[in-house]
Each structure stands twice: as C-alpha cells, then as structure tokens.
Amino acid sequence: MPDAVITIADLSKTYASGFAALKHVSLEIERGEILALLGPNGAGKTTLISIICGIVTPSDGTVTVDGHDIVRDYRDSRKMIGLVPQELTTDAFETVWATVSHSRGLFGKKPNPEHLEKVLRELSLWDKKDSKIMQLSGGMKRRVMIAKALSHEPEVLFLDEPTAGVDVELRKDMWAMIRRLRAAGTTIILTTHYIAEAEEMADRIGIIQHGELVLVEEKAELMRKLGKKQLTLTLQERLDALPEALQPYALELAADGESLVYTYDAQGERSGISGLLADLGSAGVRFRDLRTSESSLEDIFVSLVRDAP
Amino acid sequence: MNVEAIKAIYKFEMARTFRTPLQSLISPVISTSLYFVVFGAAIGSRITEIEGVSYGAFILPGLIMLMILTQSVANGSFGIYFPKFLGTIYELLSAPVSSFETVVGYVGAAATKSIILGVLVLATAWFFVPIRIDHPFWMLAFLVLTAITFSLVGFIIGIWAKGMEQLQTVPLLIITPLTFLGGTFYSLSVLPPFWQAVSLFNPVVYLISGFRWAFYGIADVDISISVAATLGFLAICLGIVSWMFRTGYRLKS
C-alpha cells in the first residue's frame, strides 16, 4: 500500500454560477512523487488545486493532507503546502527579500535567513534580493513566486502551470529544481500544458477533463499501455494495392504507395514483425529502409481527450 | 495562534505606510492642522467661547476624530482591497492563518497608523490653540477604540468593494458628511430641536461628544452613552467581519 500524502475523496465543486468545475474526483497522491495533471483549459485542474490549498471551498467531498482535513484542521494541512499559482501575482513595491520573509511568517515559521538565502540562491535570485519586484522581468517574478512558496519549507508543492510563458533556459532550471526538491522528499503536483514537460518530469500522470479525473496512471505504464509502436517500411517499388498474402496484417499503404506502415501493440508479447517480414519477402515486396516509432505522451493525450465523451 | 503570521501582516502593512511618509503621515497632519490654524487662530478669535472653551480648542477633538475616521477607513480598506485587486490574496487564503489573526494584523496596523496620526495632530495643535485634557485615560481610550472600530469599517469596505469607486465612495459620501454634521464645528445645542433629534441618529455624534468630554468635560450626550455607543459599533463591526470570514464573502468562491 503506497503512502498517500494527500487523499481526495469524492470531491465536487459547483460554482455559484451553476458551473460544475469538479465532479466526484477521488485521488491519492503518494508521498514523494511528482504527479502531473494534464487537461485542456477549464478542465478543473486549477479548481482542484485551489480547493486543496484553501482558496476555493469544496461543495462536497473531503481532502486530507497527511491525515489533516483541509477544512477542520486547515492549519496543519496548509502548513505543509506551498503553492505557486498560475497567474503572476506579486506585490510591486516590496523587495524580494521582504516578500519571501513575509510569506514565511504567514505560514507561521520563525524567521530563518539561512533558509531564505538558500532558496533565493537556488533560484538565482540572491543578487536581486534587494530589488523591488516591479523591477524584475517576468521570468524573475515567476522565480520570486516559487521562492515564496518554498520559503516555509513545504512538504507538498503545487505548481500550477509553472513554465507557462517561460523561456527555455528558465524551464530547464525549473526542471532541475523540481528534481532536487523531489530528491529531498518533497511531493510535487504540477499542472502543465506542455506534455513534453509531464513526460520529462512526472512519475504519474492524471488527466482531467470536464471536471472529471479521466485517468491516473504511472507514466511508464500509461505509455506502455496506450502507446502504440509503428514500423514504417520505405518500399523500393511503388505498390498500387496490398498483396493478398499481406491482408491479415494491420498494414496500411501510404497514399503515394511508396511506404507501408505496420502498427503493433508495444505491450504485446509478440510483435509479429518477423512473420510480417518473412511474408513480405515471399510476396516479393522489397524495401530499402525501415524505422520504428513510438507514440509520445502527446499522442496519447490527444487521443484520450478526443475519444472521451 | 499563528503569532508569526500576525507579525508578518502587521509588519508588511506598516512598511507600506512608512514607504510613503509624505502621503501617509505628513499630508493628513498638514490638512487637519490647516483647520485649526484657520478656524482656531484666524477666525476663531471672532467666535465666542463655547461653554468656556475657545473655538479653536473646541473644534480640535472633532478634527482629530474626523482624521481618525477617514484615515482608519482608508487604511483598513486599502490594506485588504489591494491584495484582492492584485490577486496576491491567494497567499493569505492558502496560509494557515485564522480570520481572527488576519483581522488583528490588518486592522491592528491600520489602527496603529491612525493613532500615530492622532498623536501627531494633537502635538501640532499644542502650538496653535490652548488645550487641556481633563480625562487623559478616556481620551486615549476613545482614540484607540475609534481607530480600531473604523479600521474594521475600512476592512469591511475593502472586502466588500468590487472596484476603486466603491472603495472611495463610502469615505467621501458617508464618513465625511457624518463627521461634519456630527458636531465637529458646533455644539448640538445650537441646533433647532428637530435637527438635534435627527443628529442623534448620527453615530459619529457619540464619538465626537465623548472625545470632547475627555478633553474639556463638556459633552452633547452623556459620556456613558458615548462609551456604550463606541463599544456597540465595535461589536457590530466584529460581527460583520466574522460573518464575512465564515461565509468567505467576496474572498472565496
């Protein structure tokens, strides 16, 4: 039985407007994992995070953080959580140092300049500590928001679209930072639009659509289960139609007739490739090149979201 | 009790005040002082004493109240409105901070600033008008209680306001007229009986009357009523604030 740090049970949220943003979501988040939540805009990812952090009141259901109910024991549950929201919302006139010190205090922690220095150094913000936030670039402000969330040494970190609008360099930095945090035992929940990011970072992936948790799965398992492999053969001579002998195979002739695409189950014990190649030879079909490809998380995501009702 | 959070909010708010000393401290003191320079020293000499107190000295308690009221409301409302406006309120809402601690932090800072201003105006007035304080304890008590109560009023407005206009409207359209008509510049006894009766519906009358009594021992209404009224307003404000937090009114969806 894995050790769940956050347990979400039958959580629903209907806003005053009548919009049902979350419908009966249940989920266990394991201690120390990186969970990526994927889903189209408006799917309910931010609502889910906001409820766990105490910004939105749930309509129904419960959430516990390390056994502490987020409503009844909000002090104990919130102390454990750091939140980096999606919007860049910062004070303008405060210095970086003042704002991270303020955040630490809000979470009930005694001042600890050494810890704050460490956080700021890790985020390459140390030389900006006396700058006013409004003087910083967008990427720097994003770092400030992360520093605020880390100021009180949270055990669980929520990153809502952490790399939206962030340049490649900073994105790499953030990934490295997330890995360091994870290595130190922090549980990380991130939402993202960049599927490559989830593929790169996550241990498990959850997909939310229309307020429902469509699926939660180990990333590797998900890729294995839903991923398809394809073998593409570039032919020496054009074919007008598939030879009779090859009909039983899941083969597709490209429109130009110059290549054959064979789709097979990555999970299957037998790919059927050797049989196919033998039959190709006996049918007199010769090829000059072959390559295999594997579907990416993006393909899987797109097909899931498209196929869902 | 999350004492660190109270300290953090209080410090943050006080830093905001001292970052802009001209606007936050100097300008309210100067604009209030202008009243007793003009009415006290210049015109006041031509106005007869009221119950043995020179006109300049008579209006001082009302003027301090006027400033405390407007400044408390302004500070209390801006302090909570801006995080809401900027979106930085997310941090407060997600922090392990109770509503009580939030209010102590924000309202405490707003009231502190008003009290500092009140003391500054009082010190300035010393140079221009003859002042005496018969009941220093009650003078301080009224000062502190009024500052807290109206910082709470501001806090409520700050949570309620959906835009800058609402934020400015209440102080300008309600607080200022009530103060001017609440006996800052006159004793209620100079009014015709009908308007005297109407004035008693003005809550500010009780504050100014009590405050003036603390200075000179003269009052429009009995001091015990003033004390009761001040405490009553405080209780009402506390009730509204706790309702707002319990329901998440305009803070949480």
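Derivation of every value follows stated rules applied to the coordinates shown; laboratory data play no part. Note that the structure is predicted; figures quoted are calculated from it, not measured. Glycine gets a Cβ as well: all are built from the backbone with ideal geometry, and neighbour counts include every protein chain shown.
The table below gives the values:
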{"read-out": "Average beta carbon contacts from partner chains per residue of B:2-10, 10 Å cutoff", "value": "5"}
{"read-out": "Value of relative contact order over chain B, rounded to a whole percent, pairs C-alpha under 8 Å and six or more apart", "value": "26"}
{"read-out": "Shielding by partners - mean other protein chain Cβ count within 10 Å, residues of A:108-116", "value": "2"}
{"read-out": "Kyte-Doolittle at least -1.0, axis length at least 18 Å by Cα - qualifying DSSP helices, chain B", "value": "B:3-19, B:55-86, B:99-125, B:136-160, B:203-216, B:223-247"}
{"read-out": "Sum of -39500 (n - 2.57) over DSSP H runs of 4+, divided by residues of the protein assembly as shown (222 nm, nearest 500)", "value": "-15500 deg cm²/dmol"}
{"read-out": "In order through region A:217-225: 3J(HN,Hα) via Karplus (6.51 cos²θ - 1.76 cosθ + 1.60), integer Hz, x for Gly, Pro", "value": "7, 3, 4, 4, 4, 4, 5, 6, 5"}
{"read-out": "GNM top mover of A:TYR249, A:TYR264, A:TYR194 - chain A, alpha-carbon springs below 10 Å", "value": "A:TYR249"}
{"read-out": "Largest-first principal axis extents, alpha carbons of the protein assembly as shown, Å", "value": "124, 48, 46"}
{"read-out": "Spatial separation of Cα centroids for region A:34-79 and region A:220-268, in angstrom", "value": "44"}
{"read-out": "Relative exposure of B:TYR55, B:TYR106, B:TYR206, judged by other C-beta atoms within 10 Å (fewest first)", "value": "B:TYR55, B:TYR206, B:TYR106"}
{"read-out": "Fewest-first ranking of B:ILE208, A:ILE188, using other Cβ atoms within 10 Å as the exposure measure", "value": "A:ILE188, B:ILE208"}
{"read-out": "Interchain or long-range residues, amide H under 5 Å from A:LEU37's placed H", "value": "A:LEU190, A:THR191, A:THR192, A:GLY206"}
{"read-out": "Likely footprinting exposure, A:ASP279, B:ASP222, fewest C-beta neighbours within 10 Å first", "value": "B:ASP222, A:ASP279"}
{"read-out": "Compactness relative to 2.2 N^0.38 Å, alpha carbon Rg of region A:210-272", "value": "1.54"}
{"read-out": "Most mobile of B:THR176, B:THR20, B:THR112 in a GNM of chain B (Cα contacts under 10 Å)", "value": "B:THR20"}
{"read-out": "For A:VAL5, distant residues with modelled amide H under 5 Å away", "value": "A:ILE29, A:GLU30, A:ARG31"}
{"read-out": "Region B:76-107-region A:90-165 distance, computed between alpha-carbon centres (Å)", "value": "18"}
{"read-out": "Translational diffusion coefficient (Stokes-Einstein; Kirkwood radius from C-alpha pairs) of region A:1-90 at 37 °C, 0.692 mPa s, in µm²/s", "value": "239"}
{"read-out": "Calculated SAXS-style log₁₀ I(q)/I(0) at q = 0.10, 0.23 Å⁻¹ - region B:124-240, Debye, Cα scatterers", "value": "-0.34, -1.34"}
{"read-out": "10 °C / 1.306 mPa s Stokes-Einstein diffusion coefficient of chain A, Kirkwood radius on C-alpha pairs, µm²/s", "value": "72"}
{"read-out": "Residue among B:TRP213, B:TRP160, B:TRP195 with the largest mean-square fluctuation in a Gaussian network model of chain B, springs linking Cα atoms under 10 Å", "value": "B:TRP195"}
{"read-out": "Per-residue mean of C-beta atoms belonging to partner chains within 10 Å, peptide B:91-103", "value": "6"}
{"read-out": "11 Å reach of a label modelled at A:THR14, 7 Å along Cα-to-Cβ, counting backbone N of region A:41-61", "value": "A:59-60"}
{"read-out": "Where the Cα pairs of chain B fall when distances are cut into 5 Å bins, in %", "value": "1, 6, 13, 18, 19, 15, 12, 8, 5, 3, 1, 0"}
{"read-out": "Using θ = phi - 60° and Karplus 6.51 cos²θ - 1.76 cosθ + 1.60, couplings along region A:116-121 (whole Hz; Gly, Pro as x)", "value": "5, 4, 4, 4, 5, 5"}
{"read-out": "Region A:4-221: relative contact order in percent, alpha carbon pairs under 8 Å with at least 6 residues between", "value": "29"}
